[in-house]
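Each value in this text was obtained by applying a stated rule to the coordinates, not by laboratory testing. Source: prediction; values computed, not measured. A quick note on method: Cβ atoms are made from the backbone with ideal geometry, for glycine too, and the neighbour counts reach across all protein chains shown.
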Amino acid sequence: MGRDGKNWNHQAVTQGISSLFSSLKVIRLLRLGRVARKLDHYIEYGAAVLVLLVCVFGLAAHWLACIWFSIGDYEVIDEETNYVRMDSWLYILAESVGNPYRFNVSGSGKWEGGPNKDSVYITSLYFTMTSLTSIGFGNIAPTTDGEKIFAVAMMMIGCEWSRFIFHPM
C-alpha cells in the first residue's frame, strides 16, 4: 500500500521510469550531424555522406522497430476479455521460440510468458529493415489492423527514403 492508501506496483513504476530514461538516452544519437561534420575533415565527402545516411537509416529503423513492438505488445493481450490474439506477430513469435503466452490462474491472474526482449527487438528490427528496404520478406506479417496500418506507413517511408537516396532533389 502506498502512503495514500492506494495499491501500486513498485516494480511497474520503476520499469516505467527506467524505460523513460532509456528513451531519453536515444536523443543523444541526434548528434550524428556533428559527427558527420568531423568525419568530413578526415575522409572524402561521399564516404562521409554514406556513413551519415547509414547512421540515420539505423536510427530510423530502431525507432520504427520500437513502435512496431509497442503496437504488437498493446494488441497481443486484450485485457478486457482476457484473451490472447493468436494472429498477433508477438504470439506467433512466442510460439516459435517455445515460450508461449499462458494465463497464471493460481498466482497473479495475469498473462505470463512470451518471447524475451532480445528476440523481440531483433525480430522487430528485422521486420522494419525488410519493410523499409523492400516490400518485406513475408515471414513476419502484419495481421491486426494496427499492424497493417503501421506496415503501410513504413512501406511509404521506405519508398520516400529510396527516392531521396537515388533521385535527390
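List the residues, sorted by chain then number, that are 5 or more residues from residue 101 or on another chain and whose placed amide H is less than 5 Å from its amide H.
It is 114, by chain and number.
With a point put 7 Å past each Cα toward its Cβ, work out how far residue 164 is from residue 96 in nm, to one decimal.
About 2.9 nm separates the two model spin labels.
Relative to the present Cα-Cα distance, how much length would full extension add between residue 111 and residue 156 at 0.36 nm per residue of separation?
Once the chain is fully extended between residue 111 and residue 156, it gains 12.7 nm.
So if we plug the beta-carbon distance of residue 62 and residue 86 into 1/(1 + (r/R0)^6) with R0 = 22 Å, what FRET efficiency do we get, rounded to 0.05?
Details: r = 28 Å, r/R0 = 1.28.
That gives a FRET efficiency of 0.20.
Kirkwood Rh over alpha-carbon pairs of the stretch 70-122, then Stokes-Einstein at 20 °C and 1.002 mPa s: what D in µm² s⁻¹, rounded to an integer?
189 µm²/s
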